[in-house]
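Read through the structure below, which is laid out as structure tokens, and then see the notes.
The values are calculated or read from the model by the stated rules, or taken from the named source; none is laboratory data. Just so it is clear, the model here is predicted, and its values are computed rather than measured. Because the Cβ atoms are built from the backbone with ideal geometry, glycine has one as well, and the counts that use them run over all protein chains shown. All accessible areas refer to the heavy atoms of the entire protein, side chains included, with ligands and DNA or RNA removed. Shrake-Rupley method; radii C 1.70, N 1.55, O 1.52, S 1.80 Å.
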Amino acid sequence: MRPLMRKILRLAALLLLLPSAVSRAQVANPSPLASERANAATAVGGWIVAEGRANSALQSGFPATAALLYRDILGDPALAGEARPRITLALVAALLDTGDVAAAEAELKAYNGPSDSSYRLRAGLLAAHARRREAAKTELGEVNADHLAPGERAWWLFLQAQIADLDNDIARANSLYEQAVQAAVSEQQRARFLLAQAQAQLQMANAPTEQELNAWRSNMEKHAGQGLGYDSARYYAAGLYRLNRGAEALSVLQRHLLVIPASERNVADQFRLMLGLIAGEATPEGRRALAQLVRSAVKPETQRTALYLLARGSRTPAEREELRRMLSELIGAPTLHPIIEDLRLVRAQAALQDRQYNAAEEDARLLLEFFPGSPLKPAALGVRLAVAWDLRLYRSAADLASQLRVLVPAGRERAELGVLVAEAYFRAGDFKSAADAYEAILRDVHAAPQVVPTGVLIFMRVLADIRAERIDAAATLLDEMAGNAAFDVENRWQAEWNLIREMQARNLTAPAQARVEKLLASGTANVPGELRVRLLWLRAKLSFDNGAAQAAVGQVDDLIAAVNAAQLEPALKSEVTSTAQLLKAQALLELGRDADGAALLDKLRADFRDAKAALYSYIVQASRQARRGDLAGAQKTLSDMVDAHPKSEFAPFALYQAGLYAEQQGLDRNLQDAHRFMEKLAKDYPGHELVFYARLKQGDLLRKLNDFGSARLAYENLVNNFGQHPDVLLAQLALADSLFAQGANNVTNYESASALYERLRDLPAAATDLRVEAGYKWGFALSRRGRAPEAQAVLWGVVDGFLMDGAQAAKLGAKGRYWMSRTLLELGQLLEEGGKLDEAQRAYQLVVDNKLGGVAEATAKLARFRAAPAEGAKP
């Protein structure tokens, strides 16, 4: 069984006990069987990007890197089953390109995919490389060229050329090599064929005899400086190399390079290429020869071949750095290099391998900018896509994948890129675009190769709608797809679970419960056992949340019966049972059956002492005590829980809540106790998210104790040490309040407070409610310093900016509306005192018209204005 679990479910009822500032640091109520919010589909993009990256590395001359990437992909659990054979064959090709024939043969031997033409082609190339002529011929005979992809057909011709070479049919071999080169689908592939042809010809079918060596040497010497002499010298060097006399072969080539005239540059290029192949691309001699070819070879295809070899030999970061320096020199030369596009791409690939993302992105971007019609455009987009994905710039990745998708023909790669676009939008948090992208894939699901199962795509479409807050659309889609045979059981019920949980989180408890009841009524046979238990638990929880505590009690009993009947893992069974008992105890307490509820909590702690539900039960008990007015008892319950279980994940919250209970008792000694609880939280759990709020609360407590100096220090420490915290502006506002409280005897403090209020009111990034509060306090501060005209201007600015502006008014929450009412009442009072009675009435009328807090006070003031003329009228 694969448990799909999330550790916690937030409990809204307890959040009412927390100040609004702590809404991001909510306590967690244990919840069994909480589903993951996504499944393997959100991991598909990783291997799709990696495959494109590996393919590009192989084409650009980095087969060792490609092999590592292919191995990583094969180890990815999200890899689609149908993709595994393809990746394995690509790994074989990469290993063969590195010269690791043994590893390539091992991978091919372990291959368990279809023995189709693609497989037979790789097997034939491997056999030919190992000089197993008959095996190569056998595999070639099994290849149907019509079943090969365009990029594979050229390799089919190349295999035939290799076999002709092994047969010593030189004329046929040369003809087939030429056909393979002409059939190449890109300049990169053409360069690889030219390289492979040179390598194949270097490996003669049979070792030469001494007589043949002597003949070649004789012709080399007799026809020195002539075409026949040059050809004989290359054959002689190849023969020496075939006989494992590489040093002599290199000596022959080096001597000729010293005397070949400048007019025979192409001949010199052929000698340098052979020297690079014999010496090896990893040796200083070989790399010097190949570098010279990249710089000045006559033919661009020779330059590309040498570049490929140099890249292949750059296996370490130091070697790739050396390669990049050489490429930078060529790219920056005054004269445009003939293969400038290839140089930029290889430099980008080398940078990408070493995670030098800025350099890789820059080269790929400039290649696309300067050469928009380049045949290397897909490869350059692939580099940029890999950079964006690695850096988690998923919106950019979606855009780049969309551009790349346009360039590739219909088929597997385009289908994969479509899935990648959808996943990138999902990861970027653009769930609407993700839902649209998944919908587009589902529309073409029968016309394109399947990258992930249809059931997964439907699930992800539903999940994207949920995240996009399109709950109705998600529910409608689920209802429509319920009868789709491709919508498998696991994905169907995962989707249902996520939808219902989202409904619950949005307080849509009634429709959520209706959907649960409908699903449970559809029949046990269609619901997997584990998921049925989930739904039963959720039904009971929704009943409790909807105020049907009595129903919840009975439903928990049904849940426990189902748990005992289901074949759950022991740990999972324990977790479900303990959380079910906790829920039942909460329901009993809600029904006023305190004795039964307390007994069940005691049983829970005895049966499941260290379970999360057992530890959370102390928080439930304390909440009940507090609701009954026993704040001291609630405080003690939580304090004892922390002392007994200091490592519990609930301990920090218990301390925070104990502090709040102490504060609510009101006496100075209680406030001091509260301060100590907050201090213990901060000291014992320094990395917890509640530390900020504990320190903030300490400042508030110190103000209540009239210790404004210490409160000011507490807030200043928060501002200085939690500068990036999402609620740090609350600390700034509290700091301003402390400064203002100290301002009666210190003008500097008053001015500092006013400056902070002004800054917070004008800060666009601040929440609207906070800006309104800061604006009111700024105006209030000005009025108390006898600066009424300025105060009126500030207060009216708050009204005009956050109430009269409809868009801003829509953002006002409960606190913002409270402070807006205070603003209007203060403004009206100042206008009254200034003799502007009509304007004062308009300010009070705005309170009434907008149904703000303080309507009664505003109405009374308006009534006084209306009554004034009658009382003062003369008979």
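Per-residue answers, yes or no, for (1) more than 30 Å from LYS584 (Cβ to Cβ); (2) modelled with pLDDT of 85 or more:
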residue	(1), (2)
ALA464	yes, yes
ASN491	yes, no
ASN498	no, yes
LEU520	no, no
LEU531	no, no
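For region 421-479, what are the residues that are charged (D, E, K, R) and under 19 Å from LEU79 (Cα atoms)? Within region 421-479, GLU423, ARG427 meet the criteria.
Counted as qualifying within region 241-331 are the helices (runs of 4 or more DSSP H) with 2 or more residues that are touching a Ser or Thr at 6+ places or on another chain (Cβ under 7 Å), namely 265-279, 317-331.
Pairs linking a residue in region 208-221 that is surrounded by fewer than 15 Cβ atoms within 10 Å (Cβ to Cβ) to a residue that is among the hydroxyl-bearing types (Ser, Thr, Tyr), with Cβ atoms under 9 Å and 6 or more positions apart or on different chains, are SER218/SER232; GLU221/SER232.
Against the test of being over 27 Å from GLY786 (Cβ atoms), among the aromatic types (Phe, Trp, Tyr) and more than 38 Å from the chain's Cα centre (by Cα), the options TYR656, TYR750, TYR661, TYR685 yield a single qualifying residue, TYR661.
In region 565-606, the qualifying residues are those that are among the acidic types (Asp, Glu) and in contact (Cβ under 8 Å) with a residue 24 or more places away in the chain, and the one that is farthest from ILE619 (Cα to Cα) is GLU569. Going by what's in this entry, would ALA464 be described as touching a Phe, Trp or Tyr at 6+ places or on another chain (Cβ under 7 Å), of a type outside the set (Asp, Glu) and either open to solvent by less than 10 Å² (accessible area, probe 1.4 Å) or touching a residue at least 12 places away in the same chain (Cβ under 8 Å) (or both)? Spelling it out, ALA464 is indeed touching a Phe, Trp or Tyr at 6+ places or on another chain (Cβ under 7 Å), of a type outside the set (Asp, Glu) and either open to solvent by less than 10 Å² (accessible area, probe 1.4 Å) or touching a residue at least 12 places away in the same chain (Cβ under 8 Å) (or both). On inspection, ARG676 qualifies as under 43 Å from the mean Cα position of the chain (by Cα) and not hydrophobic (A, V, I, L, M, F, W, C). What's the total number of residues in region 379-416 that are in a helix (DSSP H, G or I) and under 17 Å from the mean Cα position of the chain (by Cα)? Total meeting the criteria: 15. Scanning region 286-307 for residues that are open to solvent by 10 Å² or more (accessible area, probe 1.4 Å) and farther than 25 Å from SER263 by Cβ gives a single hit, ARG287.
Of the helices (runs of 4 or more DSSP H) that lie entirely inside region 112-177, those containing 2 or more residues that are closer than 16 Å to ARG190 by Cα and at pLDDT 85 or above span 150-166. Inside region 742-783, residues that are more than 21 Å from GLN829 (Cβ to Cβ), open to solvent by 50 Å² or more (accessible area, probe 1.4 Å), part of a helix (DSSP H, G or I) and hydrophobic (A, V, I, L, M, F, W, C) make up a count of 2. When ASN484 is tested against (1) part of a loop (DSSP other than H, G, I, E, B); (2) over 32 Å from the mean Cα position of the chain (by Cα); (3) in contact (Cβ under 8 Å) with a residue 12 or more places away in the chain; (4) within 20 Å of PHE459 (Cα to Cα), only condition (2) is not met. When ARG312, ARG355, ARG344, ARG325 are checked against the criterion of being of a type in the set (Lys, Arg) and over 19 Å from LEU58 (Cα atoms), ARG325 stands alone in meeting it.
Quick one: how many residues across region 267-277 are within 16 Å of ALA196 (Cβ to Cβ) and open to solvent by 20 Å² or more (accessible area, probe 1.4 Å)? The total comes to 4.
For region 666-681, a residue qualifies if it is of a type in the set (Gly, Ala, Ser) and modelled with pLDDT of 95 or more, and exactly one does: ALA674. Scanning region 189-206 for residues that are within 17 Å of ARG153 (Cβ to Cβ) and either modelled with pLDDT of 85 or more or open to solvent by less than 30 Å² (accessible area, probe 1.4 Å) (or both) yields GLN189, ARG192, PHE193, ALA196.
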